[in-house]
Amino acid sequence: MNNVLVYCEIEEQKVADVSIELLSKGRKLADELNCKLEAVLIGKDLDVFEKSVRRFGTDIIYKANNERLYPYTTLPHAAVFENILKNSQPQIVLVGATSIGRDLAPRIASTLKCGLTADCTDLVIGDYTDAKTKTEYKNLLYQIRPAFGGNIVATIVNPQTKPQMATVREGVMKREIVSEDYKSEIIDVDVKNILDKVNFAVKIIERHIEARKVNLTGSQIIVCGGFGIGSKNGFAQLKEFAKTIGADVGASRAAVDAGFAEHDRQVGQTGVTVRPKLYIAVGISGAIQHTAGMEESSQIISINNDPEAPINQIADIAITGDWNSIIPKMAKFYREQSK
Amino acid sequence: MAFKIIVLAKQVPDTRNVGNDAMKADGTVNRSALPAIFNPDDLNALEQALQIKEKNPGSEIIILTMGPPRAADIIRESLYRNADKGYLITDRRFAGADTLATSYVISKAIEKIADYDIILSGRQAIDGDTAQVGPQTAEKLNIPQITYAEEITAIEKGKITVKRRLERGVEEVECTLPVLLTVHGSAKACRPKNAKLFMKYKHAKTHTELQTLDDDYLGQEIKNKAFLNIEEISLDDLDCDLEKIGLLGSPTKVKTIQNVVHTAKDSMKLEDNDADIKNLIGELINNHTLG
């Protein structure tokens, strides 16, 4: 009882990367709390996913298998998930901050009247003393996230309610296989009884999910453009440069919001977290919202016309000047010297 | 077919354009340095409501916001765009609410003010980026939710069809009414203020604002015209469980807030000149960072 539980999302016939990453984080938290790690699979034809969940050190797998549970719709999934949580009574619940996770988690938190923190960039176990009542709480989940547009970092706790729920974006946590033959207990959830009482209000008429075009999480070199790039054309220039040096192109939230680059390229708290060996930030000021997703890069080069830009604080090399002039020079000298 | 629509909107500090004076020396947020604006996604939600109203004469749009007295601006901004009526939920006792306590109060207010067919809100507010209040309000009202809505493609008696913009695609769904929709930022942008409506509603005021108004004649004028009265809802107007509101009703507690100052690395400073950049690229090639 009172274990750590991870909601495993099924995406394009596999367990979503973010769910796997959360299992790895969940395993560590469970070890620290001396409890078990549980995983929840909700959908159809789930047997094939068991192995990919087991090997990350999952002790208990809840399987809710039913044709009517795929594709995802809110109310049936919420009803099943709620039922599992009421039986399992976990102390911590982790959910990927995806379109599905961000639809499901708040609904569930409202039903269970528990706290939920969105888009955490770190999860740590620690104690907490209520400033007013002086009550001490041991081993709470510190849910750490940038807030206020990324200008501050807040540590949130839920001292009095259980479970403590958090959503986390893809790429924030690292995946680590525990053992290929890790033993999990499988619990088949009696779905039919639950679904009989559910309101299937939402019907999916059409669904068109595109395979991901860009996946930056594995990139070794990333050239990332910010609002300072100014246009789609500017990004075309960056892509050209990236191709020259063998890099992938990322974008800051401001650049994506402005329509300069696709959402899949977004790096930061509300995009992906990356750890390349070289990160070249071009025209990016460096709000925490962004740096949270790239500060673990091995080497950071910043190109900005403002020498005081916050990004320069974490850059190994800061080049001050106009990227329109610097990027072509970098391309030229690369071509000259790489031969 | 006429529909009753409630739009949930929030006044937020404009965190997108944060200047150097946004943080105080003690590490707290200097709210006065940030302009208060209509949360961007909520404007997208309002536009969807206005489109339903245009296509379905007789439909009514009620705008509902929760915040300090100055959040009445959100209601005026909506009236200028052809919303019909607004309510401001305001009470110091609601302060410190997290998303759970906020959605509780909003759902109580909705239950009090009106029947509805559709509730629309922005997907998320830019000050917290949680995207939680919409789904939590739907849960409290025990109605279905459609998040990430981009376009209402059809609406008829008892049924709505919505296109959703997901991370990696689109989905078209059909749902029974009533329903709560959270509208994605990629939805059609909201129309500008209408000049005639601006003239009509520019003196619309809440009771609190009227009390501080220094113009007795105007004050009387406003009182005489019902459409210029923005209704305020306080805790006393609602049937709330005191343990579920404000700080007490919020399971999430902020343990610490840090204004993160990156410990400045000893970074190498380069200029935009051939020698510096040539050396840099040479070094990156030599140490095999670049292939």
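The values are calculated or read from the model by the stated rules, or taken from the named source; none is laboratory data. It should be emphasised that the depicted structure is a prediction, and the values quoted were computed from it without experimental measurement. Because the Cβ atoms are built from the backbone with ideal geometry, glycine has one as well, and the counts that use them run over all protein chains shown. Calculation scope for accessible area: heavy atoms of the full protein, side chains included, ligands and nucleic acids excluded. Shrake-Rupley method; radii C 1.70, N 1.55, O 1.52, S 1.80 Å.
Data overview
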quantity: Residue within region A:195-214 that is more than 10 Å from every other protein chain (Cβ to nearest Cβ), in a helix (DSSP H, G or I), touching a residue at least 24 places away in the same chain (Cβ under 8 Å) and open to solvent by 20 Å² or more (accessible area, probe 1.4 Å) present; calculated: no
quantity: Of the criteria (1) part of a helix (DSSP H, G or I); (2) more than 9 Å from chain B (Cβ to nearest Cβ); (3) under 15 Å from A:C224 (Cβ atoms), which one A:A309 fails; calculated: (1)
quantity: One residue from A:K339, A:K332 being more than 7 Å from every other protein chain (Cβ to nearest Cβ), outside any strand (DSSP E or B) and either at pLDDT below 90 or in contact with a His (Cβ under 8 Å, 6 or more places away or on another chain) (or both); calculated: A:K339
quantity: Scope region A:324-335; condition crowded, with 18+ Cβ neighbours inside 10 Å, of a type outside the set (A, V, I, L, M, F, W, C) and in contact (Cβ under 8 Å) with a residue 24 or more places away in the chain; matching residues; calculated: A:Y334
quantity: Residue selected from region A:298-316 under the condition open to solvent by less than 10 Å² (accessible area, probe 1.4 Å) and within 18 Å of B:L290 (Cβ to Cβ), by the criterion farthest from the chain's Cα centre (by Cα); calculated: A:I303
quantity: Hits in region A:292-323 (condition: over 16 Å from A:V267 (Cα atoms) and in contact (Cβ under 8 Å) with a residue 60 or more places away in the chain); calculated: A:N304, A:N305, A:W323
quantity: Number of the exception - A:G171 against (1) open to solvent by less than 10 Å² (accessible area, probe 1.4 Å); (2) assigned to a strand (DSSP E or B); (3) out of contact with any Pro (no Cβ under 8 Å at 6 or more places or on another chain); calculated: (2)
quantity: Residue in region B:270-277 that is farther than 25 Å from B:I37 by Cβ and of a type in the set (G, A, S) present; calculated: yes
quantity: Any hit, region A:233-248, residues being assigned to a strand (DSSP E or B) and either within 19 Å of the chain's Cα centre (by Cα) or among the charged types (D, E, K, R) (or both); calculated: yes
quantity: Among residues of region A:100-120, those that are buried (at least 22 other Cβ atoms within 10 Å of the Cβ) and assigned to a loop (DSSP other than H, G, I, E, B), counted; calculated: 2
quantity: Residue that is most open to solvent (accessible area, probe 1.4 Å), among those in region B:258-283 that are part of a loop (DSSP other than H, G, I, E, B) and at pLDDT 75 or above; calculated: B:D266
quantity: Looking only at region A:258-272, and only at residues there that are more than 12 Å from chain B (Cβ to nearest Cβ) and of a type outside the set (K, R), the one that is surrounded by the fewest Cβ atoms within 10 Å (Cβ to Cβ); calculated: A:F260
quantity: Criterion (closer than 30 Å to A:T117 by Cβ, more than 21 Å from the chain's Cα centre (by Cα) and part of a helix (DSSP H, G or I)) met by exactly one of B:E243, B:E209, B:E221; calculated: B:E243
quantity: Near pairs, Cβ below 6 angstrom, 6+ apart or cross-chain, from region B:95-112 (assigned to a helix (DSSP H, G or I)) to any residue that is hydroxyl-bearing (S, T, Y) and open to solvent by 30 Å² or more (accessible area, probe 1.4 Å); calculated: B:T99/B:T130
quantity: Residue in region A:40-61 that is within 11 Å of another protein chain (Cβ to nearest Cβ), within 27 Å of B:E174 (Cβ to Cβ) and open to solvent by 10 Å² or more (accessible area, probe 1.4 Å) present; calculated: no
quantity: Residue selected from region B:159-210 under the condition among the β-branched types (V, I, T) and closer than 30 Å to A:N215 by Cβ, by the criterion most open to solvent (accessible area, probe 1.4 Å); calculated: B:V170
quantity: Check on A:F227, under 25 Å from the mean Cα position of the chain (by Cα), surrounded by 13 or more Cβ atoms within 10 Å (Cβ to Cβ), among the aromatic types (F, W, Y) and within 14 Å of another protein chain (Cβ to nearest Cβ); calculated: yes
quantity: Complete set of residues in region A:122-152 that are within 11 Å of chain B (Cβ to nearest Cβ), touching a residue at least 60 places away in the same chain (Cβ under 8 Å) and in contact with a Gly (Cβ under 8 Å, 6 or more places away or on another chain); calculated: A:G150, A:I152
quantity: Which numbered condition A:A247 fails, given (1) closer than 23 Å to A:K174 by Cβ; (2) more than 12 Å from every other protein chain (Cβ to nearest Cβ); calculated: (2)
quantity: From the options B:L34, B:L46, B:L79, B:L64, residue that is surrounded by 15 or more Cβ atoms within 10 Å (Cβ to Cβ), at pLDDT 95 or above, under 25 Å from B:L247 (Cβ atoms) and of a type outside the set (D, E); calculated: B:L64
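Residue-wise test of (1) away from chain A (no Cβ under 12 Å); (2) within 16 Å of the chain's Cα centre (by Cα); (3) small (G, A, S).
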position: B:E111; (1), (2), (3): yes, no, no
position: B:D117; (1), (2), (3): yes, no, no
position: B:T137; (1), (2), (3): no, yes, no
position: B:R164; (1), (2), (3): no, no, no
position: B:E172; (1), (2), (3): no, no, no
